[in-house]
Amino acid sequence: MNAKTENLLSTLKLQPVVPVIVIDDVKSAVPLARALVAGGLKAIEITLRTPAALDAIKAVAEEVEGAVAGAGTVLDARQWEQAVKMGSKFVVSPGAGPSLLDAADQSDVPLLPGAATATEVMHLRDRGYSVLKFFPAEQAGGAAYLGALASPLAGIRFCPTGGVSLKNARDYLSLSNVVCVGGSWVAPKAMVTEGDWDGITKLAAEAAALAG
């Protein structure tokens, strides 16, 4: 196992659920991250789906003690460079294009690339990846499908994301080839808009307890 994979695993093992969050207003980034960390979710994936995302990563990385800021929905080398420059400690992608993989090869920051089929997993395995994002998890076949990959693709571990919720998270977490899950339910948009940080801390604590 190489150093970047070990680094990524140490981050993913911090908690059973990695929050996948969308930041519309950079002012909400720090209090939201503090609420998640207070609930036990330190590794936080901030998706590059809004104009505020990069500044949000920078703010969380610099201002939130205990947080491990990561960038999600990174699609190419340009976005990789931007995300790392802003302080991302890990990078997540829904897939794995050539330019993104080439950028990751040149960086010390670990990449969690996405895959949904055995062929995609094998391509990434050939590139040296053994920890992958299974996306979109529910739509691609769910826990039963992912469990079926464990034997033929031994040694590959996953973070399922996409349609994962408190209701079905344990189905994934019980699988031998799952490290953690990614989920957006711990930071509902309405709660973020209202600034209900106490409510988000409670949801984070509930998610963190799934490790038990």
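Counting only residues that are in a loop (DSSP other than H, G, I, E, B) and under 17 Å from the mean Cα position of the chain (by Cα), the range 108-135 holds 7 of them. Would the range 125-141 turn up any residue that is within 23 Å of Ala35 (Cα to Cα), of a type in the set (Val, Ile, Thr) and either crowded, with 16+ Cβ neighbours inside 10 Å or in contact with a helix residue (DSSP H, G or I) (Cβ under 9 Å, 6 or more places away or on another chain) (or both)? Looking through the range 125-141, none of the residues is within 23 Å of Ala35 (Cα to Cα), of a type in the set (Val, Ile, Thr) and either crowded, with 16+ Cβ neighbours inside 10 Å or in contact with a helix residue (DSSP H, G or I) (Cβ under 9 Å, 6 or more places away or on another chain) (or both).
When the range 2-12 is filtered for residues that are at pLDDT 95 or above and out of contact with any strand residue (DSSP E or B) (no Cβ under 9 Å at 6 or more places or on another chain), the ones remaining, listed by number, are Glu6, Ser10. Restricting attention to the range 193-206, the residues that are under 29 Å from Val131 (Cβ atoms) and either surrounded by 22 or more Cβ atoms within 10 Å (Cβ to Cβ) or charged (D, E, K, R) (or both) total 4.
Residues are listed down the side, and each one gets a yes or a no for (1) surrounded by 20 or more Cβ atoms within 10 Å (Cβ to Cβ); (2) of a type in the set (Gly, Ala, Ser); (3) under 17 Å from the mean Cα position of the chain (by Cα):
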| site | (1), (2), (3) |
| --- | --- |
| Glu62 | no, no, no |
| Gly70 | yes, yes, yes |
| Ser88 | yes, yes, yes |
| Val91 | yes, no, yes |
| Gly95 | no, yes, yes |
| Leu100 | yes, no, yes |
| Gln106 | no, no, no |
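Under the condition of being surrounded by fewer than 20 Cβ atoms within 10 Å (Cβ to Cβ) and in contact with a strand residue (DSSP E or B) (Cβ under 8 Å, 6 or more places away or on another chain), which residue from the range 13-46 is nearest to Gly155 (Cα to Cα)? Only one residue tops the list, namely Leu14. Among the conditions (1) more than 17 Å from the chain's Cα centre (by Cα); (2) buried (at least 21 other Cβ atoms within 10 Å of the Cβ), Pro152 misses just one, which is (2).
Looking across the range 162-173 at every residue that is in contact (Cβ under 8 Å) with a residue 24 or more places away in the chain and surrounded by fewer than 17 Cβ atoms within 10 Å (Cβ to Cβ), the one that is nearest to Ala150 (Cα to Cα) is identified as Arg170.
The values are calculated or read from the model by the stated rules, or taken from the named source; none is laboratory data. In this text the structure is predicted, and so the values were computed from the model without any measurement. Using ideal geometry, Cβ is built from the backbone for each residue, glycine included, and neighbour counts are taken over all protein chains shown.
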